Amino acid sequence: MRLDKVYIDGFRNLRQLDVDFDERRLTTVVIGQNGAGKSNLIEAIAQVFRWADLRRADPKYKPRFRYRVEYRIRPRTGDADQASRVALSNIVGEPELRVDGKEVTRAEFMRRKDDWFPDLVFGYYSGSGRRLEEIFDRHQSSYYAAIARNNDEAACYEALLARRLFFCRQIHGVLALMALFAFPETKIGKELQDRLGITGFHSALVLFREPWYAKGGKASKATEASNFWGAQGPAGRTAEKLKALAFHPLALSGNAIDDYRDKKQDEAQFATFLRDADALKPLGSEFSDDGDMFSALEALDV
């Protein structure tokens, strides 16, 4: 998918903003002074895609500004060279959904979602604020609800495909590197070495903290730590794989302090340590590819 044209009016400092992107280019860079509205433009576009994907969700997600977002997208099936032109709009007098100039119904759009809607709208913000990340929370919470303690692998995979909006956080970089070194690619490995000085996998410590669903008192929670407190679904399966490959996995009690307002509190924890690349390789062999492994590791974090 490549953006073509975007019109935003009434979102923070954006007034009748009309942007014509070069859809022939794979990458677009937006440059401007602080306060010019660069982040606002990104947030507005993300809100439009969230609303288009979660049309039946709570009306609070409906954009409260006027917009028209046009993009080109190649269908997942059929002729890959035949790109469709899709327009999303809430401007009075315009169709809400158009494909190749023709108005389509919401039902038809959802049926052809694989051809007309991006597989993934990826967000990342290098600062400390959550303003952009919050736009992706609804998709994250829906995915969590679908996979938490769910042993139906097919249903969990469908939930993964259904999460069309994904916000990248710091932990995802760590998980991506683990998956990469389990499924190494020479070209990417060289880029990491030349640009970032990352030469290989050394070790990994995965610390499991007592989850909200842990039952019983302090002693019971400590005992259940080695069973990951009954975790199921992709998180539970991946945790067991880590435990089987870890060097001396052990349960422990940790002092949890999440931020400056919290008091110290003992909680049950479980530690698994992969001591070298030879321990990472058999973990990778449990998955079909790096994407499969990344999704499984992310389920642990979720």
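Which of the following residues is among the acidic types (Asp, Glu), surrounded by fewer than 13 Cβ atoms within 10 Å (Cβ to Cβ) and at pLDDT 95 or above: ASP22, ASP58, ASP18? Give the steps one after another, and end with the answer.
Details: ASP22 fails: at pLDDT 95 or above; ASP58 fails: at pLDDT 95 or above.
Only one candidate qualifies: ASP18.
Search the range 225-257 for residues being farther than 17 Å from VAL206 by Cα and not small (Gly, Ala, Ser), and hand back the single one that is surrounded by the most Cβ atoms within 10 Å (Cβ to Cβ).
The selected residue is GLN232.
What about GLY10, is it on the phi > 0 side of the Ramachandran plot, surrounded by fewer than 11 Cβ atoms within 10 Å (Cβ to Cβ) and out of contact with any Gly (no Cβ under 8 Å at 6 or more places or on another chain)?
Values: on the phi > 0 side of the Ramachandran plot: yes; surrounded by fewer than 11 Cβ atoms within 10 Å (Cβ to Cβ): no; out of contact with any Gly (no Cβ under 8 Å at 6 or more places or on another chain): yes.
When the stated conditions are applied, GLY10 does not pass them.
Within the range 212-248, how many residues are of a type in the set (Phe, Trp, Tyr) and either under 11 Å from GLN269 (Cα atoms) or touching a residue at least 60 places away in the same chain (Cβ under 8 Å) (or both)?
Taking the range 212-248 and keeping what is of a type in the set (Phe, Trp, Tyr), we get 212-213, 228-229, 247.
Filter once more, keeping what is either under 11 Å from GLN269 (Cα atoms) or touching a residue at least 60 places away in the same chain (Cβ under 8 Å) (or both): 213, 228-229.
Of the residues in that region, 3 qualify.
The values are calculated or read from the model by the stated rules, or taken from the named source; none is laboratory data. These numbers were taken from a predicted model, which means no experiment stands behind them. All Cβ positions, even for glycine, are placed from backbone atoms using ideal geometry, and neighbour counts span all protein chains on display.
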